[in-house]
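For reference, the structure discussed in these notes is given below.
Bear in mind these aren't lab numbers, they're just calculated from the coordinates by the rules spelled out. Computed from a predicted model, the values in this text were never measured in an experiment. FYI the Cβ positions are ideal-geometry reconstructions off the backbone, even for glycines, and counts take in every protein chain you see.
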Amino acid sequence: MTTIPAITPIPAPEPTTPGRATTDHTAPGHAAPGHAAPGHAAPDPTGPIAARAVDVVKTYGRGEAAVRALDGASVDIQRGRFTAVMGPSGSGKSTLVHALAGLDSIDSGQILLGDTDLGALSERDRTLLRRERLGFVFQAFNLIPALTAEENLALPLTLAGTRPDPVWQAELVQMLGLGARLRHRPAELSGGQQQRVAVGRALIARPELVFADEPTGNLDSRAGAALLTFLRDATRSLDQTIVMVTHDPGAASYADRVVFLADGRIVDEQVDPTAESVLSHLARLDAQVGG
Amino acid sequence: MTPMWRLTLRNALAHRSRLALTWLAVALGVAFVAGSLVLTDTSSHLLDAQFRTTSAGVDLTVRSAAAFNSAMGVEVQRDPLPADLTERVDAVPGVARVRAVAAGAGQLQVRGRTVAPNGPTLVGSWGEAPFTAYALRAGHAPRGADEVVLDAATARQQRIALGDRITVSATTSHTLRVVGLTGIGGQEGLANSAVVLVDLPTGQSLLGLGSRVSSIEVLAAEGVAVPGLSARLTAALGTQYAVTNSQDAAAASADAAKESIRYLRIVLLALAGAGLVVGAFLIANTFGIVLTQRARELALLRAAGATSRQVFGSVVGEALLVGLAGSAGGTLLGVGAARALRGLARSAGLALPDGPLTVTGSTLGIALAAGTVVTLLAALGPARRAARVAPVEAMRASEPAPSAPRRGRLTTGWVLLGLAAPLLVAAGWMRSIAGVGLGAALLLVALVVLGPVLAPRLARLVGRPVERLGVPGRLARESTVRNPRRTAATVTALALGLALISFVSVLGGSVKAISAAGTEAIRADLLVQSSGEEMLGGLSPEVVGRVDRLPDVAVVSRARFGHWLDQGATSALAAVDPVTLPEVADITMTAGSLSALGNDGIVLAASAATERGLQVGDTLAMTFPRDGEQLLRVAGVMADESAQALSSRYILSLDGYARHYSEDVDATVYVKLMGGVDQSRARAALKAAVADFPNAQVRDQAEAAAGRAAAIEQVIGLVTVLLGFAVLIALLGITNTLALSIVERTREIGLLRAVGMTRTQLRWMVRAEAVLVAAVAVVGGIVLGLGLAVATLAALAADNPVVVSIPVGQLLAIVAVAVLGGLAAGLLPARRAAQLDVLASIATQ
């Protein structure tokens, strides 16, 4: 097994100027390493950047008990692509995605969504940003039990005081195969149906970015596969940007690109992964972390 | 300590923040109970001490005999004793010394202002030791017609010094110079009264006794047994005189004064009970919620081998701990509550003595027991449900859905409701107050049983407007519907409090309307009325004499009040002048006539005549204080509205009154002016004529009506404030229930926040839920209160038409206060919900 140098595949552009807020489509040093050759620049995948983390540091706890969940993590999320974030437990993958989603504050570094610097936003503005520009799918408990499937679907828009575009909603419902279940409450839906409603809710406002945190963790393999296929198709046909945290190599294989985290940094990435390639990568990472 | 007990203790301590509001509810309820007991004990104790002190040192007291000692909290007045009786008493062997006493109630004016103590102003003749407990602290004893000694406490409060002049009025009015200040026993004065002491002749003059005296105090000679002397005196003086052991006389006086305190005690304890019942709902709810949240832990215990009996015991044990802790805290608070209650009761016009508080062992015992028992009873239901948690639930992943009310419960509820509603209507129709009481009790039980069904339906209905708030409003409404049992308990508690308040307000409004209805019959231009409570000294007969002599006055008519015993129960009557009354009031007689009253007749209100089956010419047996049981001839029957105008259903003539009563004071003087006389000028003249009788108030019709209404309003105000206490506890219940369910809904809140609900929206969602619960309670409570009030009024109306006056303004105020209270109750849970960390909430299991 080859030893992978512990370098960040996406070098942070000029870490000394964290205030920089431009969207740089062709950042210098922007790397897209192939399967076996980290650090090796490749043309693919490139394209517009939907979100970017720059040198992000996040520490939980204090003193002796302090845990550095993110230790200078930098990553670019390309628009219209399905990105998976993987890493051993404790690697900081959830923290990174929560930071990108404006759910968690960071100690230093910068999070950009499009042109917006999340760090400069108030709590309220971050909430409005989540409502208008982001979508979420969690592992479980995605839906409000008191609301019907349809109401859950429209939730981000109704919270903002608007209504979903009926054409778009109908299209989503049709794509997700939820037509007959719209008037049902979450308790009357299967786990797969519940997650599909959650995906629909994440997409209803046509957000710039959708975050999915282990969306298939509670599903059987068939329902999980259907959901992941839908997410991948959404990036293709709807030009939707999706970031998914997962620990399942099979789930990660649906993504266009996999980013690996260890010890709070991005240590590697893969484009067009397969389950096997992801698994072998993880094995190497484990060995590296263990060593 | 067994492991289960250790667990119980740990649980109680671990959940102390969740149980804090429960503790507070118990403590508040118990504080009310303890405060009521302490206040009434204190007042009784102070009055006992007061009467004991004033008669200390005297062995026996000789007074005129009376058929009964006191009625409605007032000692009856006895006939004065003839002047020569003192010598006859002194001549009885074994009597060492005697003292003739002039004593009665009066009024005191200082620098033109009336001094109004809590109780009566006592006017008495000075006595030297060992006859009295009075001990001069400054100056000298009163001698001669213009000297007076005042109690030191009143002198200090009113800043009166030796040499100042004060005006003392009873039957006559005298301006006197203060020559001495006295203490009473070891105290500066009496707890409840001002004391004014003059020499015997001045006292006789003030009280209109002439040469007679009020009572004779007797000291037994050395070595003479007091009971034997008492018997010899009785034999020597005859049965028209009563010889009483002075301590017994003091006790009887104290009992009379304590009667109103007994009523106060019943009312206060009933209201405190309402607070405890409302608290019981809160306690049951808290235990229900906390145990639901701990269902998995309980299941684990069961899986590990705990019997359901042990689980039940552990929950009951926890309730016991909370109950004891709450009761202990409440009992401590009770002392403060007693002071607050005393202030409240006084502001409502009740005469309560000042003094150090008395806390008895039984108060402590009752308060502790009340709080603990209520907590235990309230926790029984949740404890039984907890004991039913099956061990497999430890393995269950999702939260158990709230259990729907069982069919048996529903059937019971609907059956009870089906019984209660017709019973209430029938009882109102049949004028049966007992029926209304039973119907009300059934209705309340039915509503408590049906609460989990009715409350959510009502919430859906009332919650319509809340949906306008968008998703937060929609979710608020859904949350109230989601857990019917929980919502029902919160709603029922508040509705109960609000029902009682609206009941009292409708009842009070109607009583006001009823009492105002009668006054239309009075045509007098002006009235002179006693400002104080009538029996604590009415108007001196001098007042009517002076008014009568005024040139502008055409007709003067007066009314007096008295108590009589109606087969053992105290009742009231009025005495009027049959000749002049028709000139100042429209009196409708349905049979017989007023002029037929004579000095041995009585006129009955139509309702009283019907109740007793009496007609003109029949006789009625009445027991009077002065001359015992007498048979009175029914001289006429008066329309009920006319009797209402005179505030009594039994009417004597003034001549008849003089035969049966020693009292010589008027309650009201009706004045009709000469034609064409300017009313305001006449009024000024009247005022000037009676200026030195400070309790004489000159009023026109409107003011007289307002005066009556004000008295009713004061009582309603007091009751409402005290019921507000129960409402406060119920509002705490909303806060508590919401705060606890926020804990349950953490994940949901996290999700909503992640998806884009702002903190402001979240806060409004929680507040809207609180307001909605309050609104449902408002609807239920007011409907219930109105219904019960109407049924009660119908039952009380007897043969009269039912008068229901709904004080719309007051009810709207209740609605506003309750809804705002709900909003306030939601503030804390809303803040707590908004402060939840989004990420941590989502991650909550």
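Angle check, please: helix B:3-14 long axis (alpha carbons) against the longest principal axis of chain B (alpha carbons), in degrees 0 to 90, nearest 10. With both axes taken from Cα atoms, the answer is about 80 degrees. Pull out a ≥ b ≥ c, the square roots of the eigenvalues of the alpha-carbon gyration tensor of segment B:120-279, then state rounded if a/c is under 1.5, prolate if not and a/b is larger than b/c, and oblate in the remaining case. Note, shape of segment B:120-279 comes out oblate. Each peptide among B:740-749, B:406-415, B:786-795 gets the average number of other Cβ atoms lying within 10 Å of its residues, and from highest to lowest they stand as B:786-795, B:740-749, B:406-415. Averaged over the residues of A:101-107, the number of partner chain Cβ atoms lying within 10 Å of the residue Cβ comes to 2.
Counted over all Cα-Cα pairs of the protein assembly as shown, pairs farther apart than 53 Å make up 44 percent. Against chain B, whose longest principal axis is taken from its Cα atoms, helix B:701-744 shows a tilt of about 20°. At a Förster radius of 30 Å, what calculated FRET efficiency corresponds to the Cβ-Cβ distance of A:Arg222 and A:Leu279, to the nearest 0.05? The computed FRET efficiency comes out at 0.90. Amide H contacts of B:Thr182: B:Arg137, B:Leu150, B:Asp151, B:Ala152, each under 5 Å away and 5 or more positions distant or on a separate chain (H built 1.01 Å from N in the peptide plane; Pro and chain starts excluded).
Based solely on its DSSP helices, what 222 nm [θ] is calculated for the protein assembly as shown when runs of n ≥ 4 H residues each add -39,500 (n - 2.57) and the sum is averaged over all residues, nearest 500 deg cm²/dmol? Counting only the DSSP helices, I get -17000 deg cm²/dmol. Mean per-residue shielding of peptide A:156-168 is 2, counting Cβ atoms of other chains within 10 Å of each Cβ.
By the beta-carbon count within 10 Å of each Cβ, the least crowded to most crowded order of B:Ser17, B:Ser648, A:Ser91, B:Ser841, fewest first, is B:Ser17, B:Ser841, B:Ser648, A:Ser91.
Annotation: peptides B:484-490, B:697-703, A:260-266, ranked by per-residue average of other Cβ atoms within 10 Å with the highest first, follow the order B:484-490, A:260-266, B:697-703. Across segment B:651-659, rounded Karplus estimates of 3J(HN,Hα) from the backbone phi angles (6.51 cos²θ - 1.76 cosθ + 1.60, θ = phi - 60°) give 10, 10, 8, 4, 5, x, 4, 4, 6 Hz, Gly and Pro being marked x. Residues of segment B:37-70 falling in the label zone of B:Thr234, defined by backbone nitrogen less than 15 Å from a point 7 Å along Cα to beta-carbon, are B:60-67. Scalar couplings 3J(HN,Hα) for segment A:272-279, obtained by applying the Karplus form with A = 6.51, B = -1.76, C = 1.60 to θ = phi - 60°, are 6, x, 10, 4, 5, 5, 5, 4 Hz; x denotes Gly and Pro. Using a cut-off of 15 Å between beta-carbons, work out the net charge of the residues near B:Ala152 (Lys and Arg +1, Asp and Glu -1, B:Ala152 not included). Net charge around B:Ala152: -1.
Along segment B:610-618 the Karplus relation, 6.51 cos²θ - 1.76 cosθ + 1.60 evaluated at θ = phi - 60°, assigns HN-Hα couplings of 5, 4, 8, x, 9, 10, 4, x, 6 Hz to successive residues, with x for each Gly and Pro. Sorting the segments A:116-122, B:30-36, B:509-515 by their mean number of nearby beta carbons within 10 angstrom, highest to lowest, gives B:30-36, B:509-515, A:116-122. If the segment from B:Leu419 to B:Thr360 were pulled out straight at 0.36 nm per residue, it would be longer than the present Cα-Cα gap by 16.9 nm. Contact order for segment B:526-699, expressed relative to its length and based on alpha carbon pairs under 8 Å spaced 6+ residues apart, stands at 38 percent. Computed extension length for B:Arg159-B:Ala369: 70.9 nm, one decimal, from 0.36 nm per residue of separation with the Cα-Cα distance subtracted. Counts of other chain beta carbons within 10 angstrom of each beta carbon in peptide A:143-151 average 4.
Distance from the Cα centroid of segment A:197-268 to that of segment A:54-112 is 17 Å (rounded to whole angstrom).
The H on the amide N of A:Arg79, modeled in the peptide plane, is under 5 Å from the matching H of A:Ile49, A:Ala50, each at least 5 residues off or on a different chain. So for chain B, averaging the separation of alpha carbon pairs under 8 Å that are six or more residues apart and normalising by length, what relative contact order in percent results? Once normalised by length, the contact order is 17 percent. So, R0 is 60 Å and r is the distance between the beta-carbons of B:Trp5 and B:Asp664; what FRET efficiency does that work out to, to 0.05? Approximately 0.25, to the nearest 0.05.
Site pair B:Ser680 and B:Ala20 shows an inter-label distance of 6.1 nm when each label is modelled 7 Å from Cα along Cα→Cβ. Judged by the gyration tensor of its Cα atoms, with axes a ≥ b ≥ c, segment A:138-189 is oblate; a/c meets the 1.5 cut and b/c is at least as large as a/b.
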